[in-house]
Amino acid sequence: MNVRAHMSMLFHLDKCIGCHTCSVACKNLWTDRKGAEYMWWNNVETRPGSGYPTQWENQEHFQGGWEFKDGKLRLRLHSRAAGLLKLFFNPALPSLEDYYEPFTYRYQDLFNAPAGDDQPTAIPISMITGEPMEIKSGPNWDDDLGGSNIYARNDPNLEDVPAEVRAQLDELERVVFNYLPRICNHCLNPACVAACPSGAIYKRQEDGIVLVNENRCRAWRMCVAACPYKKVYYNWSTGKSEKCILCFPRLETGQAPACAHSCVGRIRYMGVLLYDADRLPEAAMVPDEQLVDAQRDAILDPFDPEVIAAAKANGLGDDWIRAAQLSPVYQFVKVWKLALPLHPEYRTLAMMFYIPPLSPVVSVIEDGLFRLDLSDANHDFELFHRLSAARLPVQYLANLFTAGNQEIIRQTLVKMLAVRLYMRRKTVDGEVDEKLIKLLAEAGTTPQEAEAIYQLTTQPTLEERFVLPPYHREMAVEAWKDPLAHKGEAGLGYLQVPRRGE
Amino acid sequence: MVVVILAAPVYLVKATSLQQASSEGQAIFAQKCQACHTIGGGRLVGPDLQGVTQRRDLAWLKGFIAAPDQVLASGDPIATQLLAEYNNVPMPNLALSPAEVDALIAYLENPTAGGAANVPPAAAPVGAGDPARGQALFSGQVRLQNGGVSCIACHSAAGLPALGGGALGPDLTQVVQRYGGEAGTASVLASLPFPTMQGFFATRPLTPQEQADLLAYFVWAGAQPAPQPTTTPVTWFWAVGVGGALALFAGMALFWPRQRRSISEQLRSRG
């Protein structure tokens with residue numbers, strides 16, 4: 001057993017209101033620079049929709065992630081030899097149009113326009129060329145299904161959804177959408193790392209954050225193509241690749257990443273997961289429908305004495321093990337089995353997890369009136385027993401989170417519904433009947449667990465949402481520096497020491 | 001009397017220093033000049049230096065010995081004429097210090113002072129050389145015994161395979177003719193006095209047998225019919241260049257339509 005720690009984020013999609021505060025916080029902090037204008041290390045997509053870059057899930061086109069064929073795991077992008085041949089021309093790379101051409105407005109025109117009959121306007125200009133441009137798309141162009149349905153209709157996850165269900169999504173009265181915030185998944189089996197010809201990308205051992213060493217990056221951009229989530233970006237100004245760094249400077253000083261910290265709906269949780277690095281190959285090489293379970297199996301129980309001993313043997317301190325035990329991510333992913341990785345079929349073993357969203361019951365139109373597609377009795381329990389009536393098709397969610405395994409999505413949704421019914425009955429009626437207890441058991445949970453899920457979902461404190469282990473940078477510095485000399489610099493040492501006489 | 005006594009040591013010191021300079025000069029001559037020059041032994045690669053101090057102006061001589069390349073580059077008439085006279089083989093800059101130049105001139109003024117009256121060409125081991133073995137040595141198929149780098153690294157010559165040798169040094173096909181016959185070439189092979197080569201061969205000299213073999217090979221190479229310099233007409237270059245560019249453009253035009261349109265553009269155009 002090779003126990004390692006991983007900082008993981010969890011997104012409770014049932015709570016996301018799609019306000020883009022996370023994206024703005026991240027933008028302001030990290031990508032408000034020349035060459036990074038088009039980058040959104042954190043973005044929020046409306047689903048069904050095509051996302052950003054447009055149709056990033058279309059791996060026929062973008063060739064991201066891994067392929068499991070004949071018992072072997074291969075990069076979908078290219079083999080080593082083919083990679084060498086395509087070194088200078090990689091057709092799978094997304095173009096700027098696949099993202100969008102970043103724009104701003106010539107605000108000075110509002111003040112400098114000569115007197116005239118018309119209101120002055122600020123015309124859009126490209127942030128790359130500075131020339132006036134016609135805006136054709138943006139990072140959330142199909143936000144809230146706005147404008148046109150071409151983006152939603154071309155969501156790759158809808159491909160194997162039955163035609164009548166797809167048609168239903170198009171009807172105004174039955175339309176449904178949810179939000180999908182995305183950052184780098186800091187995968188356990190990252191395709192970007194595997195594809196980099198310069199060896200510039202690495203996964204930090206201490207917390208699993210995947211980083212680009214910009215000093216070694218040689219702008220081959222294989223990572224951009226190989227990442228199935230299209231979360232590595234190429235900075236056209238510096239000629240280096242950039243990606244989400246999980247705000248490691250914030251983590252190292254005990255703060256949650258900016259996107260999580262600023263989240264208005266408090267949908268994000270942050271915590272340590274312990275995983276068995278030896279078990280990763282088998283976790284990545286199972287048939288599609290077993291991928292979620294295999295990945296859950298690779299995540300270890302931080303209360304197991306064997307795991308603790310192995311973790312300590314690997315140099316993990318007591319405080320990290322304690323953080324892993326208190327981790328909300330561990331609770332949701334492993335104990336309650338409510339959280340799922342995004343697109344496990346890419347086989348990168350993504351380590352950011354999502355709790356799928358619930359959706360209302362489909363409505364039908366009768367005599368010009370809307371009516372929910374419910375039988376008259378037992379409204380509450382209707383959806384519980386008939387998930388096919390949920391507006392968000394189960395197959396669609398399965399394509400997003402379980403590589404098509406509908407059973408796992410069903411179990412998850414049923415459990416969430418059970419918790420909801422249980423807590424509603426408890427708070428509204430003040431009592432819980434036998435029927436409900438039976439229903440909880442049917443959903444594979446207990447009143448105690450339901451209470452705990454409810455607590456962590458709706459009323460967590462900041463400390464419960466973000467369980468950040470201490471990084472001990474003050475101790476790490478001893479490895480290469482005299483701590484007393486370091487103290488004299490108060491942590492603000494020189495990056496480049498000025499040389500006397502220059 | 002007093003004057004004589006006082007002056008005597010001065011005279012003695014002067015005499016000794018002259019003699020010393022002369023013998024130093026002899027050593028330098030043996031090491032760096034003898035490959036191409038004799039004193040009273042006749043022309044070799046370069047002129048016989050017997051009485052050179054009388055033939056030439058002293059200042060010119062000093063300057064030429066110190067930096068023959070610069071003198072030649074300055075368009076000096078004597079140097080130009082000498083170059084033409086001696087098969088266009090320029091004298092290399094031997095990187096001598098001013099003191100060494102003085103010592104050499106002291107020696108050249110009176111070569112007999114050291115004892116030896118007449119310096120013949122350097123011992124030329126013109127024995128039975130094997131041209132085939134010489135070629136093997138040249139091309140590196142057989143290693144030089146003292147670890148010297150094979151000639152092919154820097155030189156080319158007739159009889160080598162298609163790609164020839166290096167281009168750092170001159171082509172050695174006609175070397176025997178240029179260096180005034182076998183004796184001259186042999187003496188050059190004995191010491192390889194060129195500064196570029198000295199850097200390597202000073203400590204890794206050719207063995208007498210190797211010298212003989214190489215010489216035999218050069219003699220053989222010199223006897224080969226002179227290779228016809230392949231002159232390609234300029235129009236050919238133009239044709240190949242323009243044709244190649246057109247072919248590339250044609251290839252690009254073929255692949256250009258296959259460039260991918262962005263997906264969002266495809267979606268928009270589909271409506």
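The values are calculated or read from the model by the stated rules, or taken from the named source; none is laboratory data. Since we're looking at a predicted model, the values are computed, not measured. Cβ placement follows ideal geometry from the backbone for every residue including glycine, while neighbour counts extend to all protein chains displayed. Heavy atoms of the whole protein, side chains included, go into the accessibility calculation; ligands, DNA and RNA do not. Shrake-Rupley method; radii C 1.70, N 1.55, O 1.52, S 1.80 Å.
Using a/c under 1.5 as the rounded threshold, could you call the stretch B:138-184 rounded, prolate or oblate? The axes a ≥ b ≥ c are square roots of the C-alpha gyration tensor eigenvalues, and prolate needs a/b larger than b/c, oblate otherwise.
In terms of gyration-tensor shape, oblate.
How many Å² of accessible area per residue for chain A, probe 1.4 Å?
Result: 47 Å² per residue.
Order the following by accessible area, largest value first: A:Glu242, B:Glu109, A:Glu252. Probe radius 1.4 Å; ligands, DNA and RNA are ignored.
Accessible-area ranking of A:Glu242, B:Glu109, A:Glu252, largest first: B:Glu109, A:Glu252, A:Glu242.
Roll a 1.4 Å probe over the protein heavy atoms and report the accessible area of B:Cys154 in Å², nearest 10.
Here the accessible area works out near 40 Å².
In terms of modelled amide H atoms, which long-range or inter-chain residues lie less than 5 Å from the amide H of A:Leu300?
Correct list: A:Leu274, A:Tyr275, A:Asp276.
Given the peptides B:66-75, B:208-217, arrange them by the average over their residues of other C-beta atoms within 10 Å, most packed first. Don't jump to the answer; show the numbers that get you there.
Values: B:66-75: 15.0, B:208-217: 22.8.
Ranking, from highest mean packing down: B:208-217, B:66-75.
State, in square angstrom and to the nearest 100, the accessible area buried between chains B and A, both chains counted, probe radius 1.4 Å. Numbers along the way, then the final one.
On the way: alone 16290 and 24110 Å², together 39290 Å².
In total, chains B and A hide about 1100 Å² from solvent.
Output needed: percent of Cα pairs per 10 Å distance bin for the stretch A:306-371, bins running from 0 to the one holding the longest distance.
It works out to 17, 26, 26, 13, 9, 5, 3, 0, in whole percents.
Quantify how strongly other chains surround peptide A:75-81 by giving the mean number of their Cβ atoms within 10 Å of each of its Cβ atoms. Walk me through the numbers on the way to the answer.
Numbers: counts 0, 0, 0, 0, 0, 0, 0.
Whole-number average of other-chain Cβ neighbours for A:75-81 is 0.
Would you mind giving the mean number of other chain beta-carbons within 10 Å of the Cβ of each residue in A:56-64, as a whole number?
The shielding value for this peptide is 1.
Rounded, prolate or oblate for the stretch A:260-314? Axes are the square roots of the Cα gyration tensor eigenvalues, ordered a ≥ b ≥ c, and the cut-off for rounded is a/c under 1.5.
The shape class here is oblate.
Take peptides A:101-112, A:295-306 and line them up by average Cβ neighbours within 10 Å, highest first, as a rough protection proxy. Kindly include the intermediate steps, with their values, before the conclusion.
Details: A:101-112: 13.0, A:295-306: 17.2.
Ranked by mean Cβ neighbours within 10 Å, highest first: A:295-306, A:101-112.
Could you work out, residue by residue across A:134-141, how many beta carbons of other chains sit within 10 Å of that residue's beta carbon, and then give the average as an integer?
Numbers: counts 0, 0, 4, 5, 0, 0, 0, 1.
If you average over the peptide's residues, the count of other-chain Cβ atoms is 1.
Quick one: which of A:Lys240/A:Lys481; A:Lys86/A:Lys136; A:Lys27/A:Lys86; A:Lys15/A:Lys231; A:Lys230/A:Lys312 span more than 28 angstrom between C-alpha atoms? List each step's numbers first, then the result.
On the way: A:Lys240/A:Lys481 30 Å; A:Lys86/A:Lys136 30 Å; A:Lys27/A:Lys86 32 Å; A:Lys15/A:Lys231 23 Å; A:Lys230/A:Lys312 35 Å.
Check vs 28 Å cut-off fails for A:Lys240/A:Lys481; A:Lys86/A:Lys136; A:Lys27/A:Lys86; A:Lys230/A:Lys312.
Set the Förster radius R0 to 22 Å, insert the Cβ-Cβ distance between A:Ser388 and A:Arg153 as r into 1/(1 + (r/R0)^6), and round the FRET efficiency to 0.05.
Taking R0 as 22 Å, the efficiency between A:Ser388 and A:Arg153 is 0.55.
Only helical DSSP H runs with n ≥ 4 go in: add -39500 (n - 2.57) per run for the protein assembly as shown, normalise by residue count and round the 222 nm mean residue ellipticity to 500 deg cm²/dmol.
Roughly -10500 deg cm²/dmol at 222 nm, from the helical runs in the protein assembly as shown.
If I ignore ligands, DNA and RNA and count only protein heavy atoms, how much of A:Trp141 is accessible to a 1.4 Å probe, in Å² to the nearest 10?
Roll a 1.4 Å probe over it and A:Trp141 shows about 110 Å².
Rounded, prolate or oblate: which fits the stretch A:220-326, taking a ≥ b ≥ c as square roots of the Cα gyration tensor eigenvalues, rounded meaning a/c under 1.5, else prolate when a/b beats b/c?
Oblate shape, in that a/c is at least 1.5 and b/c is the bigger or equal ratio.
Projected onto the charge dipole of the protein assembly as shown (+1 at Lys/Arg Cβ, -1 at Asp/Glu Cβ, origin at the Cα centre), which of A:Phe353, A:Gly404, B:Gln50 gives the Cα projection farthest towards the positive end?
B:Gln50
Pop out the ³J(HN,Hα) list for the stretch B:132-139 in order, Karplus 6.51 cos²θ - 1.76 cosθ + 1.60 with θ = phi - 60°, rounded to Hz; leave Gly and Pro as x.
Values, residue by residue: 5, 5, x, 5, 4, 5, 4, 7 Hz.
Note down the magnitude of the dipole of the protein assembly as shown about its Cα centre, charges +1 on Lys and Arg C-beta and -1 on Asp and Glu C-beta and zero elsewhere, to the nearest 20 debye.
Details: 69 positive and 80 negative charges, 326 e Å.
So the dipole magnitude of the protein assembly as shown works out to roughly 1560 debye.
For chain A, what is the Kirkwood estimate of the hydrodynamic radius, computed as the reciprocal of the mean inverse distance between distinct Cα atoms, to one decimal in Å? Write out the running numbers ahead of the final one.
Working: mean 1/r = 0.0404 Å⁻¹.
Mean inverse Cα-Cα distance, inverted, gives 24.7 Å.
At 1.4 Å probe size, with the rest of the protein present, what percent of the exposed accessible area of the stretch A:358-463 is carbon and sulfur atoms? Don't skip to the end; give the middle numbers.
Working: 2850 of 5430 Å².
Ligands and nucleic acids excluded, carbon and sulfur give 52 percent.
Roughly how big is the stretch A:358-463's charge dipole about its Cα centre, with Cβ charges of +1 (Lys, Arg) and -1 (Asp, Glu), in debye to the nearest 20? Working shown, then result.
Values: 11 positive and 15 negative charges, 50 e Å.
So the dipole magnitude of the stretch A:358-463 works out to roughly 240 debye.
Could you state how much accessible area A:Leu439 has, in square angstrom rounded to the nearest 10, with a 1.4 Å probe and all protein chains kept in place?
Here the residue's solvent-accessible area equals roughly 10 Å².
Which residues' amide hydrogens lie under 5 Å from the amide hydrogen of A:Gly239, considering only partners 5 or more residues apart or on another chain, with H built in the peptide plane?
none
Using a 1.4 angstrom probe on the protein heavy atoms only, line up A:Arg182, A:Arg410, A:Arg425 by accessible area, largest first.
Most to least solvent-accessible, the answer reads A:Arg410, A:Arg425, A:Arg182.
Once the Cα gyration tensor of the stretch A:358-463 is found, what semi-axes does its equivalent ellipsoid get, as square roots of 5 times the eigenvalues, in whole Å, sorted largest first?
Those come to 24, 20, 13 Å.
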